[in-house]
Amino acid sequence: MASRALKLGTRRSALARAQSAAVARQLEHLHPGLEVELVGIETRGDRIIDRPLSAIEGKEFFTAEIDAALLAGEVDFTVHSYKDLRLERSARFLLAAVPRREQPRDIALFAPDARTRLAAGHELRIGSSSPRRASFVPPLLQRLLPHGAAAAAAPRVRLVELRGNVDSRLRRLHEPRGAARHLDGVVLAFAGLARLWADAANHGPLRELLAPLPRMVLPLSGCPAAPAQGALALECRRDDAVTAALLRAIDDAATRRAVDVERELLAQRGGGCHQRFGATQIQVPGLGTLLYRREAEQSGDALDAGAVQPQWTPESPLETPPGTVVAWDGSAIARTALESIDAGGAQSRERLPLAEALFVTHRHALPDGDAPLINPAASVWVPGLDTWRTLAARGVWVEGCAEGLGFAALQPLLAEPLLNLPPLDRWTVLTHAEAAAGWAAGEVIATYRHRPEREAAGAPPPAATHLYWHSSAQFERWHGRVRPDAHHACGPGKTYERLRRSGVQNLRMFPQVTHWREWLGL
């Protein structure tokens, strides 16, 4: 195309300029000859850093001045953090593009001595400016931070008001203990840190600030993000068809659909950035979309019952089961006895002090007494909240989980450059004997097995038409009893992969067993 220049209006903060610069580079790459010039604009929200915005009258703290520049023709388009945009926008603006979303989750970062403070029973002061986080994060961290098995030993967490740019927030974790500005932790949007990490001008200083900090990527099932968190909104004037066409090249339809759903839910609650409400929709290949939503009124105790249940939209429609349904639910069957593998335990004890990254596939996979052997610098990840809570009660610092969606669904997050995790061939996986062969990690250690049972108690009846397999061990033990035309189901992850490799017909993946039960009307 012929050479032309566009002016991009952006806030002057380091994060805003980093994400705007990334958009500019993407557009210039897609449109040879295009030049994009960043125009920094100071907003009211950038000037007010000593008070919570929820206590100040007015709206559009981060957009009003930028909008004015666009309408005046001083810039050709603007880039906003989508969550900062009001629901009602001027008809003169066109939402020309919503690029592919960054990770929508929150991340908690802690002072270097946070583990010592927890062990000593001290309260942690965590900084955040979000009413939503103030509602969700303290009860979540109460359960997920490492602590003793006794309830009285659980960590105490208190959120305090925190404003300022990312750099200034992180520096408060490095203030001397006892200083007025010192904090034990901060909660930030993962996407913002990821964009700063990817920006050459910010990477070095950010790397230095983050290097010694323990972290936790907060699960959507316990802390759904703000609607549209992680997404960007590119706006231009509605009558500027040329600019609109250029921007449209980086629009991502899946991100736009997800954000539309989240913002519609926000609109139903009256809108505003001060809502104590979270809504995040993600897409899982082979499964469909999952919408996590949580109201501030929902008690933190709900996390003990499996956390927020996502709303599922299957990738392909579920047909109504024909005829009479005879269902067998493997998740309701009493678990078979487990037995430790001595050789696996010995191998685990030898490996844990050296592990760079560790995936513990089940709460039983980490042998009793081995938690203190884990390399303090290791990144520990788990399948879901149940295992996370169990390991936390054993004093293990867990960084994040797969939300019960399987390791494959977790891998895009693990590959995020911000986390700086080693490749899979340098991971250590602790699992059970029946699943060990299904892993491609660097070192896979089977620390326990399902003890074979002589009795068939709990086996699916011969007439079962629909079966839900809770584990690959169940399938191995009982699949020979199943009628050939039966419908099989299970959750995401290694069980599904095992059934698929076995050539099981009529196989369907469900996010959770509750979705399978709802489908069958149980």
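Read-outs: derived from the displayed coordinates by stated rules, not from any lab. The model shown is predicted, which means the values in this text are computed figures rather than measured ones. Every residue, glycine as well, gets a Cβ built from its backbone with ideal geometry; the counts of neighbours run over all protein chains shown.
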Task: Net lengthening on full extension, Arg86/Arg181 (0.36 nm per residue, minus Cα-Cα) - done: 31.0 nm
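Please report Rg over Rh for the chain, where both radii come from the alpha carbon positions and Rh follows the Kirkwood definition.
Result for the chain is an Rg/Rh of 0.99.
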Open item on the list: Need the full-extension length gain, Glu208 to Ala64, defined as separation in residues times 0.36 nm minus the C-alpha distance. One decimal, nm.
Closed with: 48.4 nm
Open item on the list: Along the Cα→Cβ direction, 7 angstrom out, place labels at His174 and Gln309. What is the inter-label distance in nm?
Closed with: 4.6 nm
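Cβ neighbours within 10 Å, averaged per peptide: list 411-424, 355-368 in order, most packed at the top. It would help to have the intermediate numbers written out before the result.
Working: 411-424: 15.3, 355-368: 20.9.
The packing order, highest mean first, is 355-368, 411-424.
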Open item on the list: Using the basic label-point model (7 angstrom from Cα toward the beta carbon), what is the Leu522 to Asn506 distance in nanometres?
Closed with: 1.5 nm
Task: Cα-Cα P(r), region 106-217, percent of pairs per 10 Å interval - done: 14, 48, 31, 7, 1
- [ ] Taking H placed 1.01 Å from N in the peptide plane, check which residues at least 5 places from Leu338 or on another chain put their amide H under 5 Å from its amide H.
- [x] Arg451
- [ ] Using the Kyte-Doolittle scale, find the helices of the chain whose mean hydropathy is at least -0.5 and whose Cα atoms extend 27 Å or more along the helix's long axis, counting only whole DSSP H runs.
- [x] none
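In what sequence, highest mean first, do 10-23, 96-109 appear when ranked by Cβ atoms within 10 angstrom?
Order by mean packing, descending: 96-109, 10-23.
Just subtract the alpha-carbon distance of Ala254 and Leu30 from 0.36 nm times their residue separation and send over the number in nm, one decimal. Intermediate results must be reported in sequence, preceding the final value.
On the way: separation 224, 0.36 × 224 = 80.64 nm, distance 1.98 nm.
That pair, Ala254 and Leu30, stretches by 78.7 nm at full extension.
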- [ ] Describe numerically, in nm with one decimal, the distance between label points set 7 Å from Cα along Cα→Cβ at Val242 and at Ala440.
- [x] 4.8 nm
Open item on the list: Report, to one decimal in Å, the Kirkwood hydrodynamic radius for region 394-522 based on all distinct Cα pairs.
Closed with: 16.7 Å
Task: Within region 346-373: backbone nitrogen closer than 14 Å to the Arg426 label point (7 Å, Cα to C-beta) - done: 354-358
